[in-house]
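Okay, structure first, notes after.
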Amino acid sequence: MILGTTRRAALAGGLLLLVQSPARAQSSRLAEGIARAATTPGLRSLVVAQHGTPLVERSFAGPGLDRPTNIKSASKTILAMLAGIAIERGVLRGLDQPIAPILGNRIPREADPAVREITLAQLLSMQAGLEPTSGANYGRWVSSRDWVAFALSRPMVDVPGGRMLYSTGTSHILAAVLARASRRSIRELAAEWLFQPLGHAVPDWTRDPQGLHFGGNEMALSPRALLAFGECCRNGGRHAGRQVIPEEFLRDSWRPRGQSAWSGQSYGLGWWIAEARGQPVIFAWGYGGQMVYLLPGLGLTVVMTSDPDVPRVRGQVQTRHALLVEGILPAFTEAA
């Protein structure tokens, strides 16, 4: 899927750009992008880094760049990378590992027998086959007494490994798998395995009635922590000379495995996959506009955080895509 790439009819000030240095031209275009960001509804921060150097660090409203903010479903991408680290550490055997032996008695008796066929990869790629708990079913799910049991007892609407069915319940099942296999809390894993090496804290966040941290929603991270995470991933899972996320798993997570019936967007293992201005784009996406965009071909990491409590409106995420494609990328694809 190609992110919207509507181009302005002409380059304003084109003659001036002919006599500007590439650096000044880039700075001018980034200034235009920042101005556009300042008028984007609900946007709270914008960070743009190229080859690890921050070029834009702006806070428009709400918490500052070092204050944690609810990243909503961008949490799913963090959770997926924890699964990759768990495989590397031997806590999990591999992507084809069935989850049933790990969950054991957490699987309710009324669950469809096909639940026992679901693998780790199918949770990560949203191909578990279970009826989604997102959308119309979300309220009933988070009001239930046992979120894991509720998600696992949904009817099978496809076979495990079938079409992509976006569901936060599926991510919460993944959290239960990680917590059971490691005998640790998800927050402990996120802190020790991922964000302590990156130099950032992970505050506590919402738990289900059984005390399991919400898997795939409600995690709080600062824009600078998201930048550190994005840069680590863009650099093949490395940070400060240390391999934090397994490179092979990371690259595999960027391979399309399914497609959202709602957005048409391709999905890998916890990452959305697209293209913009001829460049591959891999991104994390949370409700309201919590975004981490990676453009490896340009050496770019772009972070956007937004008001997480805005009413749901059609086309919300497209405003963030448009800011990236029309407001930010021209500085790196046209300025020279």
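Residue under question is S306, and the condition is that it be modelled with pLDDT of 95 or more and either within 24 Å of Q122 (Cβ to Cβ) or among the acidic types (D, E) (or both); does it hold? Here the answer is no, as S306 does not meet what is asked.
Among the residues of the stretch 150-167, are any in contact with a strand residue (DSSP E or B) (Cβ under 6 Å, 6 or more places away or on another chain), part of a loop (DSSP other than H, G, I, E, B) and either within 24 Å of K72 (Cβ to Cβ) or not β-branched (V, I, T) (or both)? Yes, the stretch 150-167 contains at least one residue that is in contact with a strand residue (DSSP E or B) (Cβ under 6 Å, 6 or more places away or on another chain), part of a loop (DSSP other than H, G, I, E, B) and either within 24 Å of K72 (Cβ to Cβ) or not β-branched (V, I, T) (or both).
Comparison of S125, S134 shows that the only residue that is touching a Gly at 6+ places or on another chain (Cβ under 7 Å), closer than 21 Å to W272 by Cα and small (G, A, S) is S125.
Whether any residue in the stretch 120-139 is at positive phi and either acidic (D, E) or surrounded by 16 or more Cβ atoms within 10 Å (Cβ to Cβ) (or both) is what I want to check. Checked against the condition, which is being at positive phi and either acidic (D, E) or surrounded by 16 or more Cβ atoms within 10 Å (Cβ to Cβ) (or both), the stretch 120-139 yields at least one hit.
Regarding A225, is this residue surrounded by 18 or more Cβ atoms within 10 Å (Cβ to Cβ), in a helix (DSSP H, G or I), of a type outside the set (K, R) and touching a Pro at 6+ places or on another chain (Cβ under 9 Å)? So A225 passes the test. Residues that are of a type in the set (G, A, S) and open to solvent by less than 30 Å² (accessible area, probe 1.4 Å) within the stretch 86-103 comprise A86, G94, A100, listed in sequence order. Note on the stretch 53-81: residues that are surrounded by fewer than 22 Cβ atoms within 10 Å (Cβ to Cβ) and hydrophobic (A, V, I, L, M, F, W, C) amount to 5.
How many residues are assigned to a helix (DSSP H, G or I) and open to solvent by 20 Å² or more (accessible area, probe 1.4 Å) when one looks only at the stretch 192-205? Qualifying residue count, the stretch 192-205: 3.
Mind checking which residues of the stretch 246-271 are within 26 Å of R89 (Cβ to Cβ) and either assigned to a strand (DSSP E or B) or in contact with a His (Cβ under 9 Å, 6 or more places away or on another chain) (or both)? Residue satisfying the conditions is Y267 alone. Of the residues making up the stretch 279-294, those that are within 16 Å of the chain's Cα centre (by Cα) and outside any loop (DSSP other than H, G, I, E, B) are P280, V281, I282, F283, A284, W285, G286, Q290, M291, V292, Y293, L294. Filtered by the rule that a residue be out of contact with any Phe, Trp or Tyr (no Cβ under 9 Å at 6 or more places or on another chain), loosely packed, with under 14 Cβ neighbours inside 10 Å, modelled with pLDDT of 95 or more and not in a loop (DSSP other than H, G, I, E, B), the stretch 18-52 gives A31, A35.
Of all residues in the stretch 283-306, those satisfying the criterion of being open to solvent by 10 Å² or more (accessible area, probe 1.4 Å) and touching a helix residue (DSSP H, G or I) at 6+ places or on another chain (Cβ under 8 Å) are W285, Y287, P296, L298.
Looking across L92, L15, L55, L11, one residue alone is in contact with a helix residue (DSSP H, G or I) (Cβ under 6 Å, 6 or more places away or on another chain) and either at pLDDT 95 or above or farther than 25 Å from L250 by Cβ (or both). It is L92. In the stretch 171-186 there is at least one residue matching the filter, namely being out of contact with any Lys or Arg (no Cβ under 7 Å at 6 or more places or on another chain), surrounded by fewer than 20 Cβ atoms within 10 Å (Cβ to Cβ), touching a residue at least 40 places away in the same chain (Cβ under 8 Å) and not small (G, A, S).
If you go through the stretch 114-148 and keep only what is of a type outside the set (D, E, K, R), assigned to a loop (DSSP other than H, G, I, E, B) and at pLDDT 95 or above, you end up with I118, S125, M126, Q127, A128, G129, P132, T133, S143, S144. In this structure, G297 qualifies as farther than 21 Å from V177 by Cα, in a helix (DSSP H, G or I) and free of Cβ contacts under 8 Å to residues at least 40 places away in the same chain. G315 - would you say it is modelled with pLDDT of 95 or more, among the small types (G, A, S) and on the phi > 0 side of the Ramachandran plot? No. Of everything in the stretch 104-113 that is within 22 Å of R184 (Cβ to Cβ) and assigned to a helix (DSSP H, G or I), the residue that is least open to solvent (accessible area, probe 1.4 Å) is G104.
The values are calculated or read from the model by the stated rules, or taken from the named source; none is laboratory data. Just so it is clear, the structure is predicted and the values come from calculations on it, not from any experiment. Using ideal geometry, Cβ is built from the backbone for each residue, glycine included, and neighbour counts are taken over all protein chains shown. SASA here: full protein model, heavy atoms, side chains in, ligands and nucleic acids out. Shrake-Rupley method; radii C 1.70, N 1.55, O 1.52, S 1.80 Å.
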